[in-house]
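One structure below.
The values are calculated or read from the model by the stated rules, or taken from the named source; none is laboratory data. Given the structure is predicted, the values throughout are model-derived calculations rather than measurements. Positions of Cβ are backbone-derived with ideal geometry, glycine not excepted, and every protein chain shown enters the neighbour counts. These accessible areas exclude ligands, DNA and RNA; they are computed on the full protein's heavy atoms, side chains included. Shrake-Rupley method; radii C 1.70, N 1.55, O 1.52, S 1.80 Å.
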Amino acid sequence: MGLTLRSVLTALISLVSLSQGISLTGPRTLLVLEDDVKTQFQTLISDLEARGFTTTTHTPKSTTLSLFQHEERVYDNIIIFPTKLKGLGPNLPSSSFLKHATAGGNILILLPSSEDDNVPAAIAELATQVDIFLPPKGFAVVNHFDLADQVEPEHNTLLVDLPSFQSDTKNYFNSGEDKAAKLLYRGAGLALGSSPLVQPILKAPRFAYSYDTKEASSFADDENVFSAGKQLALVAGVQTRNNARITFVGGADLLADKSFTKVARTNQMSGNRAFAKDVTAWTFKETGVLRVDGIEHWGEEFGQGVVNGDVYRIKHDVTFSIALSEYSYDHFQPYVAPADDAVQFEFTMLDPYYRIPLSASSSPLTQHKNSTTYSTTFKTPDQHGVFTFTVNYKRPFLSNVHEKRAVTVRHFAHNEWTRSWGISGSWPWIAGIWVVVVGWIGFVGLWLWSKPVVAEGKGKKKQ
Amino acid sequence: MSTVKSILFKDPASTESTRSILRVVILLTIAAAAVASRLFSVILDPWFNFRASKYLVKHGFFDFWNWFDDRTWYPLGRVTGGTLYPGLMVTSGAIWHALRMISLPVDIRNICVLLAPGFSGLTAFATYLFTKEMKDSGAGLLAAAFMGIAPGYISRSVAGSYDNEAIAIFLLMFTFYLWIKAAKLGSAMWGGLCALFYFYMVSAWGGYVFITNLIPLHVLVLILMGRYSGRIYVAYSSWYALGTLASMQVPFVGFLPVKTSEHMAALGIFGLIQLVAFVDYLRGQVSSKQFNTLLRALVILITIVAFTGLVTLTVTGVIAPWSGRFYSLWDTGYAKIHIPIIASVSEHQPTAWPSFFFDLNMLIWLFPAGVYLCFRQLTDEHVFIIVYSVMASYFAGVMVRLMLTLTPIVCVTAAITVSSIFDTYLEIDSPEEQEDDSESKKPKKEKVKETGGFLSSRAPYIGIYSITSKVAVVGAFSVYLVLFVLHCTWVTSNAYSSPSVVLASRMPDGSQHIIDDFREAYYWLRKNTPYDAKIMSWWDYGYQIGGMADRTTLVDNNTWNNTHIATVGKAMASSEEVSYDILRKHEVDYVLIIFGGLLGYSGDDINKFLWMVRIAEGVWPQEVQERKFFTHRGEYKVDHEATDTMKNSLMYKMSYYKFPSLFPPGQAQDRVRGARLPSEGPVLHTLDEAFTSENWIVRIYKVKDLDQFGRDHFSVSAFEGGKKKKGKKGGMAGRAAGKRGRRVVRI
């Protein structure tokens, strides 16, 4: 069954990959924008279309727009461009976005770059629901120490390095040629809550801060600074529990045509266009999607003849392996965990009895094309019950892998223990039993065969 | 008629054969009556036993022995072979195989249903044999008849009541019969047979401890009365040695007979009887003066050795201390304080006085008379009856459940009484009555005068001279017997044949209305939930869910893991925030509760709730406190006076969720507790109502999944309810509040 499913999937994927690279969610993309805005994002939209996305355009107030038809998602991806309007139309309340994401669709939200523009109420509500906090109108990020352009007086356009993460996190956001390229950014920035589902993609430079431009005072103090430094996110991604992705871009100009130019100060091309590709690719699930190609577990007691059986026995060696592959634009490739990260495995009954890092196996039981097989061997604990083989691999920017296989770990059956004579400590007792048996038989024999001594005088006394 | 009379009384030889034919016929009739009276309604009840039997029949004995049941006690699973008394299942399995062998393929279910009634017939026979040893076959037949229809026994053996007690009472009586036989004859063979049936009993019911202690007690009393004899020695030694070795072969029992205190009496008496035998032997060997010195020295020495030995073994832990269940037998308040899980079972409550009369009717007042009659004769076996009576009456007073062990001896003694009365009053001057069919027809025959009587004629005959008094007494007793039969029939059909899963009530017009909510709900579970769904409920319903809905349960009727039960109690007693984590951790998909408020079904979970709280408090005294569930006046309330802890508990919320919406505003009424509920019902955030049965008795809730967006369920409901997320700055909160971003430091 698994095999047929997999072959159907491969066929499907190979069919799809004939065209361009394509999102795993699907190509149907909704652009929510007014016509005058569209001209600012020509390159972004054409780049998307070149990657195989089909776009549909609606204005925010459109009355014909509907995200759902017959309770089915109409679009796979939504991009909400900044609007001059006060709010989005009645067909786009915040709950419709939540519903879209719950149904597995992705959303890319571009917030206005200008501090004079409104953030629609529906977007702000959506942000609050996913633990992202937007500053009120009038806020802007500023950095006085690393100016993009000497001319600009407010220092509102920032030069930001391409994202870099800790060594245990995969970086999907610097795929451009020039790793040293700078990004041009202009916008208000985002503050993130503590939800583990939210990850900052692009953080503000150390000396940048977001402040209220409408405030009369010429300096920023603790009261009118929204957030600052590395705690201020410029781009943040949310991955819901069902792996739908919502990305907030703090300033739409980051992806606009006007940023795909040379940086005035360095006279180098900005990295914005490549970054735009990375952000859309991640949001629309062209990158960072893991697939489990197969899970196998087998026990020493049955050998490799019984794979994925239901029953194991306590205190026996069990091998567990999982094959993982990763989607990259148009194909699956073996997933290689970052150097400082490990795919962990748990053997759990209420609490984990084992938590073991899995290592890439050189000779997997079943060969999977385009995937890495991680495996480990361990001894089942001395505890019977219903255990689960669990791989709970949830990492920033990677789709969740939460695989569970419940198996029964049973006790020793009555005939599986060592027999009494196999235990050297029992030999004296066994010897004792046989001595008594033989002695008793001997005694009875002796009693029966020995002739009673006739001693009438004494014999009468008793009985 | 006259020919019958001549056959009956003229010729002793032909009389004897007629009598034995009559006895057989009467016994068969009694057995038939016993079986028939248990067939009022048929519902298979302890589903676990049935499931186990099915497994046994399907997979064979060895697989059954090694059976690891992963569908109960989730996620611990149950090593079933080592944690049950297999006697019942093996019995029905053997019957199933035997019937197949004679080409009668019967469904195992039918065997399970009819096993208890079938064995009740055998119990009647065993009682006959036992009583016959005590008095005569007339009393035996009476005892068999009593035993066949006594409600105290029927309560545990109606058709479909497929529990250990179904065969255990037969084994109990038969083992006692064999013991009496062995003690009477001093025969190692009977002692061995007794051990064999003792082994069967051990494999069938935990109540075997009763035998393990009663027989040694009998022997001890005999020794103390100076009635030691070689017969007792042979009987006891052969029973104890063989019986103990055999009982240790049951995996569940294992080494308990040599380790736990409950079994020490038997071991101690075994030692004592060896010493007594040795002393007895010495008495014959040495002169009496030397013997006295020797005896004194021996007694002191042995006392010291035995005492120090016992103390050392108990202190070092070789002999396990008395178990809690045992303590609760002596101190009825003990369980309530220390082991609420035992006290929470209604069967473990002290018996109410009316239930003695309810279960035993007139036998209960004949019982002391029978014991008195035993004192008058006082042979070894009568001592047994006295010891049994004293012990069983005490235990029956302590626990309702143990009424079952009292019933046989009450039947026996009552039969002895009635039979003695008939012996006395059914004879006119010269004793000659036959009394094996001493039923109500008797008075007609008493006119017959014959000479050369052959029965129960004590040498100096002191009879009743007045015919009137004879007729009066005999007539009165006949009426009593008829009344007894009527009472038994009534009790059986009304009280003990209503299965717990189907409730019957009367409509205003007197017609019967069947309330079938349980089966409705279990069927819903079976059809609408995935096969591996985990259902959490209080343990009372564990077997039923496992059996009728075929779903995995967290705890069931036989869960020993107190912590596991307490976990369920804690989940029910805590607020949603706490419970949700417990539910998630145990991967619970559905929560099932019983709610009787709409119908007035008093056995519901709110009434059991305090036990859940107590059990949970025993394990987490800091987190669950019984006191907080009472109002400051110490009342257990569910209406607007209920404490916040009570109102926030998951159980309360699940019970009354949407309940007030059934009534006009402010009129919501809980019919069990007679409480008027607040018009605003509780709000559930982490559970969804999945199913509520017709009469709201069973309510099933689905545990919500984690939120897709990482919110907690309270803010989800708040958002969906149209409210803004409170207490968080930023976003729409306006300029004044939103200047500072949310200062959560992320690394």
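A compact table of results
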{"read-out": "Length released on extending from A:Gln69 to A:Asp351, taking residue separation times 0.36 nm less the Cα-Cα span", "value": "97.2 nm"}
{"read-out": "For B:Leu610, solvent-accessible area (1.4 Å; no DNA, RNA or ligand), Å²", "value": "20 Å²"}
{"read-out": "10 Å Cβ shell holding at most 11 others, DSSP loop, trypsin sites (Lys or Arg not before Pro): longest site-free stretch of chain B", "value": "B:1-440"}
{"read-out": "Estimated dipole of region B:514-720 in Debye, rounded to 20 [Cβ of Lys and Arg +1, of Asp and Glu -1, Cα centre]", "value": "300 debye"}
{"read-out": "FRET efficiency for A:His402 and B:Phe357, using Cβ-Cβ distance with R0 set to 60 Å, rounded to 0.05", "value": "0.45"}
{"read-out": "Acute angle (nearest 10 degrees) that the helix B:467-494 long axis makes with the longest principal axis of chain B, alpha-carbon atoms", "value": "30 degrees"}
{"read-out": "List B:Ile565, A:Ile433, ordered by accessible area with a 1.4 Å probe, largest first", "value": "A:Ile433, B:Ile565"}
{"read-out": "Accessible area buried between chains A and B, both sides summed, probe 1.4 Å, in Å² to nearest 100", "value": "4300 Å²"}
{"read-out": "Test item: Cα-centred dipole of the protein assembly as shown, Lys/Arg +1 and Asp/Glu -1 on Cβ, debye", "value": "2320 debye"}
{"read-out": "FRET efficiency, B:Ile514 to B:Ser20 (Cβ-Cβ, R0 41 Å, nearest 0.05)", "value": "0.30"}
{"read-out": "For A:Thr348, solvent-accessible area (1.4 Å; no DNA, RNA or ligand), Å²", "value": "20 Å²"}
{"read-out": "Options A:Leu98, A:Ala50, A:Ile22, ranked by Cα towards positive dipole end of region A:19-113, top entry (Cβ charges)", "value": "A:Leu98"}
{"read-out": "At least 27 Å along the helix axis (C-alpha) and Kyte average at least -1.0, DSSP helices within chain A", "value": "A:427-449"}
{"read-out": "Cα shape, region B:572-645, gyration tensor, a/c 1.5 rule", "value": "oblate"}
{"read-out": "Residue-averaged beta-carbon neighbours from other chains (10 angstrom radius) around A:222-233", "value": "3"}
{"read-out": "For region A:289-408: relative contact order, % (alpha-carbon pairs under 8 angstrom, 6 or more apart)", "value": "29 percent"}
{"read-out": "Alpha-carbon centroids, region A:223-296 and region B:333-407: separation in whole Å", "value": "80 Å"}
{"read-out": "Packing-based ranking, highest mean first, of B:354-362, A:295-303, B:307-315 given that Cβ atoms within 10 Å are counted", "value": "B:354-362, A:295-303, B:307-315"}
{"read-out": "Coordinate range along principal axes, alpha carbons of the protein assembly as shown, Å, largest first", "value": "141, 81, 61"}
{"read-out": "Cα lying deepest toward the dipole's positive end in the protein assembly as shown, options B:Ala52, B:Leu256, B:Tyr522, charges on Cβ", "value": "B:Leu256"}
{"read-out": "Sparse-neighbour loop sites [GluC sites (Glu not before Pro); region B:600-679; at most 11 other C-beta within 10 Å; DSSP]", "value": "B:Glu635"}
{"read-out": "Computed over chain B: relative contact order in percent, which uses C-alpha pairs under 8 Å that are six or more apart", "value": "11 percent"}
{"read-out": "Cα long-axis angle, helix B:264-285 against chain B (0 to 90 degrees, to the nearest 10)", "value": "20 degrees"}
{"read-out": "Euclidean distance between Cα centres, region A:334-378 to region B:160-215, Å", "value": "58 Å"}
{"read-out": "Given charges at beta-carbon only (K, R positive; D, E negative), |dipole| of chain A in Debye", "value": "2640 debye"}
{"read-out": "Highest to lowest packing among A:184-190, A:255-261, scored as the average C-beta count within 10 Å", "value": "A:184-190, A:255-261"}
{"read-out": "Largest to smallest accessible area among A:His411, A:His100 [probe 1.4 Å]", "value": "A:His411, A:His100"}
{"read-out": "Accessible heavy-atom area order of B:Val502, B:Val90, highest first, probe of 1.4 Å", "value": "B:Val90, B:Val502"}
{"read-out": "For chain A, calculated [θ]222 nm from helices alone, where every DSSP H run of n ≥ 4 adds -39500 (n - 2.57)", "value": "-5500 deg cm²/dmol"}
{"read-out": "Cβ-based net charge around A:Leu88, under 13 Å, with every Lys or Arg adding one and every Asp or Glu removing one", "value": "+1"}
{"read-out": "Degrees separating the helix B:137-149 axis from the principal Cα axis of chain B, which is the longest one", "value": "10 degrees"}
{"read-out": "Neighbour net charge for A:Thr319 - beta-carbon separation under 10 angstrom, K R +1, D E -1", "value": "-3"}
{"read-out": "Region A:69-123 versus region A:38-65: alpha-carbon centroid distance in Å", "value": "13 Å"}
{"read-out": "Pairs from B:Lys527/B:Lys647; A:Lys61/A:Lys258; A:Lys86/B:Lys704; A:Lys394/B:Lys527 whose Cα-Cα separation, in the structure shown, is over 30 Å", "value": "B:Lys527/B:Lys647; A:Lys86/B:Lys704; A:Lys394/B:Lys527"}
{"read-out": "Furthest towards positive pole of dipole, B:Cys488, B:Ser478, B:Val398, structure part chain B, Cβ charges", "value": "B:Val398"}
{"read-out": "Mean Cα-pair separation over length for region A:72-224, i.e. relative contact order, pairs under 8 Å, 6 or more apart, %", "value": "23 percent"}
{"read-out": "Pair A:Ser424, B:Leu378: separation of 7 Å Cα→Cβ label points (nm)", "value": "6.3 nm"}
{"read-out": "Peptide B:681-690, shielding by other chains (average Cβ, 10 Å cutoff)", "value": "0"}
{"read-out": "Probe 1.4 Å - accessible area at B:Thr316, Å² to nearest ten", "value": "90 Å²"}
{"read-out": "Residue-averaged 222 nm ellipticity for chain B, from DSSP H runs of 4+ at -39500 (n - 2.57), nearest 500", "value": "-18000 deg cm²/dmol"}
{"read-out": "Net charge over other residues, Cβ less than 13 angstrom from the Cβ of B:Ile606 (K, R count +1; D, E count -1)", "value": "+3"}
{"read-out": "For residues of A:404-410, the mean tally of beta carbons on other chains within 10 Å", "value": "3"}
{"read-out": "Simple label model, 7 Å out from Cα along Cβ direction - B:Val482 to A:Trp417, nm", "value": "6.2 nm"}
{"read-out": "Cα gyration tensor shape of region B:514-720, rounded if a/c is under 1.5, else prolate or oblate by comparing a/b with b/c", "value": "rounded"}
{"read-out": "FRET efficiency estimate (nearest 0.05) - Cβ-Cβ, B:Val315 to B:Gln285, R0 41 angstrom", "value": "0.60"}
{"read-out": "Cα shape, region B:487-636, gyration tensor, a/c 1.5 rule", "value": "oblate"}
